[in-house]
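Asks: The structure that follows is given in the form of structure tokens.
The values are calculated or read from the model by the stated rules, or taken from the named source; none is laboratory data. Only a predicted model underlies this, so the values are computations on that prediction, with no experimental measurement involved. Using ideal geometry, Cβ is built from the backbone for each residue, glycine included, and neighbour counts are taken over all protein chains shown. All accessible areas refer to the heavy atoms of the entire protein, side chains included, with ligands and DNA or RNA removed. Shrake-Rupley method; radii C 1.70, N 1.55, O 1.52, S 1.80 Å.
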Amino acid sequence: MLENKVGMIFGVANKRSIAWACAEACREHGAELAFTYQGERLERNITRLTKDMENTLVVPCDVTNQSEVDAAFEAVDKKYGRLDFLIHSIAFAPREALEGEFLDTSRDAFLTALEISAYSLPQLALSAKPLMKDGGSIVTMSYYGAEKVVQNYNVMGVAKSALESSTRYLANDLGKDNIRVNAISAGPIKTLSARGVKDMSTFLTHIEERSPLKRNVTAREVGNTALFLVSDLSSAITGETIYVDCGFNIMGI
Ligand code: 0WD
């Protein structure tokens, strides 16, 4: 499905990361993949995970450092000469902002969360565009807290609202270049980032009880949807937020 396609994956922290599940799904369908990692602490993880994958590239890229972003795309251009898809699976908010009341969010926490979790999407799309010579597909990861109040999710919910809105504006700007931009609104999954949200296990139990499918999603199910969105099977879908949440979002009382 993805033979002869080159993808860039942002946000693998370890094997539990949603980005890694996306990478495995895309790899199994023939894609060549470049991985970025944030900071030296994650370099060893990603190098170990990708050691048996052929023709990969692993480059540092902290999105708050524009020169690292530029260097990452230059490295992809040099190695592959093109880019067909990009998976954006990164987010961050200071831990103290992910508990208590949203009202108490500091200016610094607000700006940091919005910069890393939302601005990074248009930032990376701008660098990806010249490499997506034959069109392309960009996928980002959102969460239900973008549209409804989820206890403790706080400023990250605001960042995800900005992210989903950015998805639509980017889809409009990039449509003429045949570049599609979509978000996946994933149900909660126990990853490194998710552990930063207080009372995460309560969310998981609630979804098991209330969602139509009576269970939580797996990272691989999110990865499979990302595979669909970066493949030509979804060629007329852009600007959407697609729920991969066992149906939880449809429920009222
Ligand atoms: O329940 C969940 N796990 C859900 C996650 C439900 C719905 C959505 N999501 C979203 C997250 O908000 C995020 O956008 O999916 C995306 C991936 O999250 P994940 O797979 O749950 O988390 P994780 O494995 O921790 O990967 C996120 C990574 C960071 O990991 P850590 O944990 O080290 O902060 O985002 C990256 C980093 O690798 N990241 C950055 N990358 C570049 N520059 C930066 C940065 N400044 N900051 C964080």
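Asks: Just to be sure before I move on: is Glu240 within 16 Å of the ligand (Cβ to nearest atom), of a type in the set (Asp, Glu), within 27 Å of Gly100 (Cβ to Cβ) and open to solvent by 80 Å² or more (accessible area, probe 1.4 Å) in the structure I sent?
Replies: On the way: within 16 Å of the ligand (Cβ to nearest atom): yes; of a type in the set (Asp, Glu): yes; within 27 Å of Gly100 (Cβ to Cβ): no; open to solvent by 80 Å² or more (accessible area, probe 1.4 Å): yes.
Spelling it out, it is not the case that Glu240 is within 16 Å of the ligand (Cβ to nearest atom), of a type in the set (Asp, Glu), within 27 Å of Gly100 (Cβ to Cβ) and open to solvent by 80 Å² or more (accessible area, probe 1.4 Å).
Asks: Kindly indicate which of Ser166, Ser201, Ser193 is more than 17 Å from Ala113 (Cβ to Cβ), among the hydroxyl-bearing types (Ser, Thr, Tyr) and within 14 Å of the ligand (Cβ to nearest atom). Reasoning before the result, please.
Replies: Working: Ser166 fails: more than 17 Å from Ala113 (Cβ to Cβ); Ser193 fails: more than 17 Å from Ala113 (Cβ to Cβ).
That would be Ser201, the only listed residue that is more than 17 Å from Ala113 (Cβ to Cβ), among the hydroxyl-bearing types (Ser, Thr, Tyr) and within 14 Å of the ligand (Cβ to nearest atom).
Asks: Could you identify the single residue in Glu101, Glu54 that is under 25 Å from Arg220 (Cα atoms) and surrounded by fewer than 20 Cβ atoms within 10 Å (Cβ to Cβ)?
Replies: Working: Glu101 fails: under 25 Å from Arg220 (Cα atoms).
Being under 25 Å from Arg220 (Cα atoms) and surrounded by fewer than 20 Cβ atoms within 10 Å (Cβ to Cβ) holds for just one of Glu101, Glu54, which is Glu54.
Asks: Write out, first by first residue and then by second, each pair whose Cβ atoms fall under 7 Å of each other, whose residues are 6+ apart or on separate chains, and whose first residue, in the range 10-39, is touching a residue at least 40 places away in the same chain (Cβ under 8 Å) while the second is of a type in the set (Asp, Glu) and within 6 Å of the ligand (Cβ to nearest atom).
Replies: Gln38/Asp62
Asks: Of all residues in the range 9-29, which are touching a Ser or Thr at 6+ places or on another chain (Cβ under 7 Å), open to solvent by less than 30 Å² (accessible area, probe 1.4 Å) and within 8 Å of the ligand (Cβ to nearest atom)?
Replies: Matches in the range 9-29: Phe10, Gly11, Ser17, Ala19.
Asks: In the range 30-51, what residues are over 23 Å from Phe92 (Cβ atoms) and exposed (fewer than 15 other Cβ atoms within 10 Å of the Cβ)? Break it down stepwise before answering.
Replies: Filtering the range 30-51 down to residues over 23 Å from Phe92 (Cβ atoms) leaves 30-32, 51.
Correct list: Gly30, Lys51.
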